[in-house]
Amino acid sequence: LQDGGFLVTVLSTCILSTVLSEEFPAFLEQPQSQILSQNSSVTLRCLATPEDAQIRWLFDGQPLDERRYQGLQVQGSNLHFHPHTGLDDINYGEYRCTATTGIGTVISQPAYLSRPVLLRFTPVDDITIIVPEGGYATLTCDPPRSSPAAEVVFQRSNGDLVDPHQESVHLLPSGNLIVSSLTSSWTGDYRCVALN
């Protein structure tokens with residue numbers, strides 16, 4: 001400077017940081033276990049107070065890196081799984097969400113993401129039932145373990161399904177089928193089918 005003054009350069013540094021609330025976090029909604037199949041989408045929900053609590057997800061006890069997992073997306077505080085074909089085991093396991101404030105962190109209950117399971121039927125011998133016309137018959141079925149619970153239907157040998165809404169037909173929660181007021185139209189072979 002010509003007049004002997006000073007040149008002052010002002011450097012301004014702006015540091016942005018997230019200020020976390022000074023309130024201990026608490027969950028309003030925690031994730032629940034779900035079943036993910038190839039044709040369904042699933043959302044694990046997590047909601048905490050205070051509103052500015054930071055939500056993060058854990059998969060099998062480790063911080064979740066959504067880039068490593070197929071069909072998975074963090075949407076706000078929720079974790080969404082998109083349906084896709086060629087589903088492999090990579091997304092199945094235990095998920096937890098964490099909520100963090102300046103005071104501390106809380107970890108949710110575990111939520112398990114699993115695939116539908118339908119075990120095989122235990123083989124049984126064919127049973128012949130002879131019933132007088134107008135009588136009733138119980139067709140037994142011992143459905144295999146499944147998750148979610150399998151829907152039980154009975155199928156005739158010609159492939160037709162027995163309509164459980166007919167007045168003379170009662171499908172019990174156990175899987176057994178009771179048919180009353182039998183006529184000759186019921187003559188035939190039947191099999192129990194479990195759908196999942």
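The values are calculated or read from the model by the stated rules, or taken from the named source; none is laboratory data. Only a predicted model underlies this, so the values are computations on that prediction, with no experimental measurement involved. Heads up, the Cβs are rebuilt from the backbone with ideal geometry, glycines too, and the neighbour counts pull from every protein chain shown.
Quick notes on this one:
- Extreme residue, surrounded by the fewest Cβ atoms within 10 Å (Cβ to Cβ), among residues of segment 97-122 that are over 24 Å from the mean Cα position of the chain (by Cα), touching a residue at least 40 places away in the same chain (Cβ under 8 Å) and part of a loop (DSSP other than H, G, I, E, B): Gly104
- Number of the exception - Gly134 against (1) part of a loop (DSSP other than H, G, I, E, B); (2) on the phi < 0 side of the Ramachandran plot: (2)
- So Gln38, is it free of Cβ contacts under 8 Å to residues at least 12 places away in the same chain and touching a His at 6+ places or on another chain (Cβ under 9 Å): no
- Considering segment 118-149, the residues that are hydroxyl-bearing (Ser, Thr, Tyr) and modelled with pLDDT under 80 include one that is farthest from Asp189 (Cα to Cα), namely Ser147.
- In segment 157-177, residue surrounded by the fewest Cβ atoms within 10 Å (Cβ to Cβ) [restricted to those that are of a type in the set (A, V, I, L, M, F, W, C) and in a loop (DSSP other than H, G, I, E, B)]: Leu172
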